[in-house]
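First comes the structure, then the notes that go with it.
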Amino acid sequence: MSMSFDHYMRDMVQPMRDELTTLGIQELLTPEDVEEKLPTLKGTTLVVVNSVCGCAAGQCRPGVAKALEHDITPDHLFTVFAGQEKEATAKAREYFAPYPPSSPSIALLKDGELVHFIEREQIEDRSANDIAEALTNAFDRFCR
């Protein structure tokens, strides 16, 4: 019995999802999930746009994991997966204006408004420790 390409992709990306969900980050899988959460939640919300690319694996996800060990963290933690849940990702990106679509990327919202954004170009040439430091500085600034 042959495995469909979609099934293969789901199996391949599951560990990439798990890297974030095991940290307590909730996946937003549909545009409705995004609409229900991002504009209405009070406090601070971290949204990680996950991706299959190498910089997501080497810098973004490890940087997020390290940042979440900080004393001060966002109230809410979410992720969307670019290239997997395309509609949910597109809906989440509406909240990241004026930034163009970028994956991986990391957004910090406060009361539904974007207050900090790390684009792919700020991820791919930096270490996981650099990403963690940028995030913890943002947490210190906005998550009090």
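Bear in mind that the values in this text are calculations on the coordinates, not laboratory data. Given the structure is predicted, the values throughout are model-derived calculations rather than measurements. Heads up, the Cβs are rebuilt from the backbone with ideal geometry, glycines too, and the neighbour counts pull from every protein chain shown.
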Once P(r) over Cα pairs in 10 Å bins from 0, in percent is worked out from the coordinates, which option in (1) 10, 37, 30, 15, 6, 2, 0; (2) 12, 45, 34, 7, 2, 0; (3) 10, 32, 33, 20, 4, 0 does it equal? (2)
Check every DSSP H run in the chain and write down those whose alpha carbon atoms cover 24 angstrom or more along the long axis and whose mean Kyte-Doolittle hydropathy is 0.5 or greater. none
Which value in nm describes the separation of the simple spin-label points at V52 and D125, placed 7 Å from the Cα toward the beta carbon? 2.7
